[in-house]
1. May I ask for the distance between the Cα centers of the range 77-94 and the range 101-158, given as a whole number of Å?
2. With both partners inside the chain, how many of the DSSP beta bridges are antiparallel, as a percent to the nearest 5?
3. Could you put D240, D176 in order, starting from the residue whose Cβ has the fewest other Cβ atoms within 10 Å?
4. Based on the Cβ-Cβ distance from A288 to S92, what FRET efficiency comes out when R0 is 22 Å, to the nearest 0.05?
5. Applying a 10 Å radius around every beta-carbon, put 197-205, 135-143, 165-173, 78-86 in order of their mean neighbour count, most first.
6. Compare the Cα positions of A194, L35, S213 along the charge dipole of the range 34-290 (+1 at Cβ of Lys, Arg; -1 at Cβ of Asp, Glu; about the Cα centre) and return the one farthest towards the positive end.
7. To the nearest Å, what is the center-to-center distance of the range 170-187 and the range 192-267, using C-alpha atoms only?
8. Please order E217, E133, E62 by the number of other Cβ within 10 Å, starting at the fewest.
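Please treat every number below as a calculation from the coordinates, not as lab data. Because the structure is predicted, anything quoted here is derived from the model rather than measured. Neighbour counts are summed over all protein chains in view; Cβ atoms, including those assigned to glycine, are modelled from backbone coordinates with ideal geometry.
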Amino acid sequence: MSYSKGKHFPVSRRSLTVQIDPYSSSRATPGGITLRTGLIVGNWKMNKTASDAAIFIRALSERLHGLSSHVELVVAPPFTALHAVRTALDASSPLQLGAQDMFWEDQGAYTGEVSAPMLVDLGCRYVILGHSERRTLFGEQSDGIRKKIRAALKHGLRPILCIGESLKQRESGTTDDVLTQQLKESLPGFTAEALDGITVAYEPIWAIGTGKSATVEQAVAAHQTIRRVMATTISPAIADSTRILYGGSVTPQNIASLLASNHVDGALIGGACLQVDSFATIASVASAARSIGV
Ligand code: 13P
């Protein structure tokens, strides 16, 4: 079976044995092939109290116990549950902590906001930025998203930049233009070096919470566009090493086909991350799909 990571380098699945370093999102092999570590992120959105979250995390950690670490697994609870989740995570849990948003200033008179240093202090390693629900329901603009990316990177948080087209935009054939514009507006002014570690999540708005996932072909085409735009606007090396996730009605049933493509490095999951069984199943399918040399 052929297994390729990075753009043009088909390699034998059995020819590589790679130890996954959870703190490195990609690595070059001696053959010059970029291996992107799989990433599964559960975006809880506005669900679960702190008490519910602690119970959920203990049950989930138990289910994930012994899962081989071929993918990084991240949970992004509401701010109010971050501390409870961190406390409930024992040292052997493969789960990492992420947040769903943040403000770009470090501190000050910004009622209702939280900053990157606050999230880092709570043990967060990732932060979701520019989710379409933030853009459409709360008026987030690319300029603010860019400032948030800058602040996250400055404090060592890994941003997960969400982009995606509406149904109207897809039907009018402008998906590529929309993705290109969102990337170009969110990522200017950064050096390639600074953007090492950023993740992009392709989340078509029409697929979010609808039960109607993008087809593998639609996801792959969008991911190829994203990588092409990153290659020309940032650098080919960053385009090659950046992980691109798919999000929108991902389930235990469709995760395997999505991850079968080398263009899809993982998933950003909403509804299906809220039950222990469905998130644990997705994690285990993803781990199997990303295992190399076994
Ligand atoms: P669903 O998986 O519920 O479609 O949500 C996707 C999403 O918005 C994740 O950020």
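1. 19 Å
2. 15 percent
3. D176, D240
4. 0.65
5. With the highest mean Cβ count within 10 Å placed first, the list reads 197-205, 78-86, 165-173, 135-143.
6. L35
7. 14 Å
8. By the 10 Å Cβ count, ascending: E217, E62, E133.
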